[in-house]
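Q: Handing you a structure now.
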Amino acid sequence: MSNWSIEEAERVYGVSQWGGGYFQVGENGNVHITPVPENPSIRIDFNSVIEDIRKEGVQFPVVVRFHDILRSQVAGLNKAFRKSIAEAEYKGEYQGVYPVKVNQMREVVEEIVDAGKPYNYGLEAGSKAELLTVLAMNTNEESLTILNGYKDDEVMRLALLGRKLGRRVVVVVEKYTELLLLVKVAKELDIDPIIGVRSKMTVKGRGKWESSGGERAKFGLTITEIINAARYLEEQGMAHCLKLLHFHIGSQLTDIRAVKEAVTEGARIYADLHKMGFELDYVDVGGGLGIDYDGSNSTNESSRNYSMQEYVADVVYGMKEMCDLEGVPHPHLVSESGRAITAHHSCVITEIVGEIKSNAATMDTSAKEGEHFFLKNIRELADTFDEQENMHEVYNDASQYKEQALDAFKLRVIPLEELAKIETLYWQIMGRLQTWYRNEEYVPEELQELDYSLSSQYLCNFSVFQSAADTWAIDQLLPVVPLTRMNEEPTVNCSLVDITCDSDGKIDQFTIGREITDVLPMHPLKQGEPYYVGLFLTGAYQDVMGDMHNLFGRLNEVHIYSYDDDPEDFYIEEVVKGSSVEDVLNVMQYNPRAMASDVKRLIDKHVWDGKLKPREGVRWTDFYEKCLNGYTYLKQSK
Ligand SMILES: *Cc1c(COP(=O)(O)O)cnc(C)c1O
């Protein structure tokens, strides 16, 4: 009997490791959510969420947003800065901004702005469309609006419109010529801009985004350019407009040392500019605060070796130390953490719609008169398996017979049916080898692949390209776990494949008990009982970067708020419908209405010609239209 337990489930799936305090495996084997860490009495069972989604008639896959998690993260970051600032007796304040590019969904930005109000938490924009959004959304005059990215004349004017409306819009100069443009437009409109300069840092963040830093970085001014910029502003009588020093050395900084180095370098630049007479008010340390996607709390690419509080403390103390040494005032601190604010709040829930078992089909392999000796040989190997002494040799022989048989088939030496028998026997032998080697300490290299080649693939009703773009694009690890049944031992090792017809549409990298593996232990599927899995930490970037590969559109969304007085501790506040087939066709320039009438005309013609009964014709016409209006993903059969 197995000694499976909830603790074992925790060890395998690491839910508490990557869950950031929000997700745990409950005693009943379901994933539980505690969206407000200070109030652990609010505890939501994921199974109740699934039941409510079904009751609402919302089709899977679904994006579930926990608004309380978003609020908790905003409060958490601000409180962390307040704590370190108080402890360090730091003289400046924290004035963070949320970079909307990480998740621009209106409901997300609204919630962040609302939760950030007590802290004067602001917004950051990196493009014209984002600036237009941020100008409308960030109505708090005390908070900052930071503008990064490349800018044209219109962007400069929009920023100055913000100034006119009493907003604290900071234009961060990414490239020297932008400064000239900004000064020109500001003089023309006679509006004082608030100017920031982005420094090209010599420190490089380690990890996937390391090219955001260093001398070849795409953005930022060199030290020489920063000094020239300051002098130019002085000449133009605008030195008082230069208020902020910005740097951003990359996203998902895996090693805290990069943060420390960047803060030291940035603080030095700030201090010397101050001593040169340019008294900046703010230092903006950019983004980069990482998320522990694989739960290893290490410098793995999908992890980080520090906590939010450690990151914050290093920024505050690092800045204080340098400023005190240099005898300059402590600047206000700005950070642009996006990933850390949004990653936890949303996940994708989908059901497994089938199992693809490699090489599981079998057939009668009994001997027949006149069969080829390859088949005889491999059958004999299978029959004498238990008497064999050298299992590695068994593997080699079986593999050789199979390869030779395939060649023989192509050369018309053996017929299709014999080849099928050879394959069946081959996979039977591999299955037995897998069991045999399971208890061995040493497994030859070519046999280590056996687990993977014999593993199942669970077919998930979703598209990697729409919902987990980074797992495909940059091998980002995202936690995937079953949402229920974790009190049962997961006995099926499988990888996950999506429903696109792209062979890249798969997830085959997981962290299991701290090791990276290519298969995920899951539970056997039961007839008539849906099996749901959750893809977690999709709130940053994944939510908004997906594409419509194969015309799979945006997902249905369910917005969840916790509510202590509710028996289930939550309610669904809003359901946002995902794309219909019609929606995605419109994006691709089709006219679904016209398509429907074309198909109707064809059907009518068949009715006229007597090939279809009129009632049948109407049914097919209605069916085609219903599918056009429907969801792009697979519908569960009832
Ligand atoms: C992308 C970006 C951010 C957000 O970074 P995270 O690592 O998600 O916090 C912040 N600032 C700038 C300039 C960026 O380009």
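Q: Taking only pairs six or more apart or across chains, which ones have beta-carbon atoms under 6 Å, a first residue in segment 472-490 that is in contact (Cβ under 8 Å) with a residue 60 or more places away in the chain and outside the structural domain of residue 302 (by TED's automatic domain parsing), and a second residue that is among the basic types (Lys, Arg) and open to solvent by 10 Å² or more (accessible area, probe 1.4 Å)?
A: If the second residue must be among the basic types (Lys, Arg) and open to solvent by 10 Å² or more (accessible area, probe 1.4 Å), the pairs left are 474/208.
Q: So residue 108 ticks every box in (1) surrounded by fewer than 17 Cβ atoms within 10 Å (Cβ to Cβ); (2) within 18 Å of the chain's Cα centre (by Cα) but one. Which box is left unticked?
A: Exception for residue 108: condition (1).
Q: Test each condition in (1) open to solvent by less than 30 Å² (accessible area, probe 1.4 Å); (2) touching a Leu at 6+ places or on another chain (Cβ under 9 Å) for residue 88 and report the one that comes out false.
A: (2)
Q: Which residues, counting only those in segment 86-115, are in a loop (DSSP other than H, G, I, E, B), in contact with a strand residue (DSSP E or B) (Cβ under 6 Å, 6 or more places away or on another chain) and within 15 Å of the ligand (Cβ to nearest atom)?
A: Step one: filter segment 86-115 for residues in a loop (DSSP other than H, G, I, E, B), giving 89-93, 95-96, 103-105.
If we keep only those that are in contact with a strand residue (DSSP E or B) (Cβ under 6 Å, 6 or more places away or on another chain) too, we end up with 92-93, 95.
Selection gives 95 alone.
Q: Does residue 544 count as at pLDDT 95 or above and either surrounded by 24 or more Cβ atoms within 10 Å (Cβ to Cβ) or not assigned by TED's automatic domain parsing to the domain that holds residue 18 (or both)? Give the steps one after another, and end with the answer.
A: Numbers: at pLDDT 95 or above: no; either surrounded by 24 or more Cβ atoms within 10 Å (Cβ to Cβ) or not assigned by TED's automatic domain parsing to the domain that holds residue 18 (or both): yes.
Against the criterion (at pLDDT 95 or above and either surrounded by 24 or more Cβ atoms within 10 Å (Cβ to Cβ) or not assigned by TED's automatic domain parsing to the domain that holds residue 18 (or both)), residue 544 does not qualify.
Q: Please go through segment 579-603 and pick out each residue that is open to solvent by 90 Å² or more (accessible area, probe 1.4 Å) and of a type in the set (A, V, I, L, M, F, W, C).
A: Passing the criteria: 587, 588, 602.
Q: Is it true that residue 176 is in contact with an Asp or Glu (Cβ under 8 Å, 6 or more places away or on another chain), open to solvent by 10 Å² or more (accessible area, probe 1.4 Å), away from the ligand (no atom under 16 Å from the Cβ) and at pLDDT 95 or above? Break it down stepwise before answering.
A: Details: in contact with an Asp or Glu (Cβ under 8 Å, 6 or more places away or on another chain): yes; open to solvent by 10 Å² or more (accessible area, probe 1.4 Å): yes; away from the ligand (no atom under 16 Å from the Cβ): yes; at pLDDT 95 or above: yes.
The answer is yes for residue 176.
Q: Quick check on my filter: what residues within segment 523-547 are outside any helix (DSSP H, G or I), polar (S, T, N, Q) and within 16 Å of the ligand (Cβ to nearest atom)?
A: Of all residues in segment 523-547, those outside any helix (DSSP H, G or I) come to 523-541, 546-547.
When the remaining residues are screened for being polar (S, T, N, Q), the result is 527, 538.
Answer for segment 523-547, where residues must be outside any helix (DSSP H, G or I), polar (S, T, N, Q) and within 16 Å of the ligand (Cβ to nearest atom): just 538.
Q: So, in segment 116-141, exactly how many residues are open to solvent by less than 10 Å² (accessible area, probe 1.4 Å) and either within 13 Å of the ligand (Cβ to nearest atom) or in a helix (DSSP H, G or I) (or both)?
A: Summing the residues that are open to solvent by less than 10 Å² (accessible area, probe 1.4 Å) and either within 13 Å of the ligand (Cβ to nearest atom) or in a helix (DSSP H, G or I) (or both) in segment 116-141 gives 6.
Q: Name the single residue that is surrounded by the most Cβ atoms within 10 Å (Cβ to Cβ) among those in segment 548-578 being part of a loop (DSSP other than H, G, I, E, B) and out of contact with any strand residue (DSSP E or B) (no Cβ under 8 Å at 6 or more places or on another chain). Let's see the steps before the verdict.
A: Keep residues of segment 548-578 that are part of a loop (DSSP other than H, G, I, E, B), which gives 548, 552-555, 563-569, 577-578.
Checking which are out of contact with any strand residue (DSSP E or B) (no Cβ under 8 Å at 6 or more places or on another chain) leaves us with 548, 552, 554, 564-567.
Numbers: 548: 17, 552: 29, 554: 20, 564: 10, 565: 5, 566: 13, 567: 7.
Per the criteria, the residue is 552.
Q: If you don't mind, there's one more thing I want to ask. Considering segment 284-338 alone, what residues qualify as being acidic (Asp, Glu) and under 29 Å from the mean Cα position of the chain (by Cα)?
A: Listed by number, the residues that qualify are 284, 292, 294, 301, 310, 314, 336.
Q: Report yes if some residue within segment 280-292 is at positive phi, within 16 Å of the ligand (Cβ to nearest atom) and touching a residue at least 40 places away in the same chain (Cβ under 8 Å); otherwise report no.
A: First, pick out the residues of segment 280-292 that are at positive phi: 286, 288.
Narrowing the set further to residues that are within 16 Å of the ligand (Cβ to nearest atom) leaves 286, 288.
Adding the requirement that they be touching a residue at least 40 places away in the same chain (Cβ under 8 Å) leaves 286, 288.
Yes: segment 280-292 contains one or more residues that are at positive phi, within 16 Å of the ligand (Cβ to nearest atom) and touching a residue at least 40 places away in the same chain (Cβ under 8 Å).
Q: Here is a check on your reading of the model: is residue 214 more than 12 Å from the ligand (Cβ to nearest atom), assigned by TED's automatic domain parsing to the domain that holds residue 276, outside any helix (DSSP H, G or I) and at pLDDT 95 or above? Break it down into steps so the answer makes sense when it comes.
A: Details: more than 12 Å from the ligand (Cβ to nearest atom): yes; assigned by TED's automatic domain parsing to the domain that holds residue 276: yes; outside any helix (DSSP H, G or I): yes; at pLDDT 95 or above: no.
So residue 214 fails the test.
Q: Still on this structure: Has segment 154-170 got at least one residue that is within 13 Å of the ligand (Cβ to nearest atom), within 29 Å of residue 316 (Cβ to Cβ), of a type in the set (Val, Ile, Thr) and crowded, with 16+ Cβ neighbours inside 10 Å? Working first, answer last.
A: Step one: of segment 154-170, the residues within 13 Å of the ligand (Cβ to nearest atom) are 170.
Cutting the leftovers down to within 29 Å of residue 316 (Cβ to Cβ) gives us 170.
Narrowing further to those that are of a type in the set (Val, Ile, Thr): 170.
Remaining after also requiring crowded, with 16+ Cβ neighbours inside 10 Å: 170.
The answer is yes, given that some residue of segment 154-170 is within 13 Å of the ligand (Cβ to nearest atom), within 29 Å of residue 316 (Cβ to Cβ), of a type in the set (Val, Ile, Thr) and crowded, with 16+ Cβ neighbours inside 10 Å.
The values are calculated or read from the model by the stated rules, or taken from the named source; none is laboratory data. Since the model is a prediction, treat every value here as computed from it, not as a measurement. Positions of Cβ are backbone-derived with ideal geometry, glycine not excepted, and every protein chain shown enters the neighbour counts. Ligands, DNA and RNA are stripped out before the accessible areas are found, and what is left, the full protein with its side chains, is counted by its heavy atoms. Shrake-Rupley method; radii C 1.70, N 1.55, O 1.52, S 1.80 Å.
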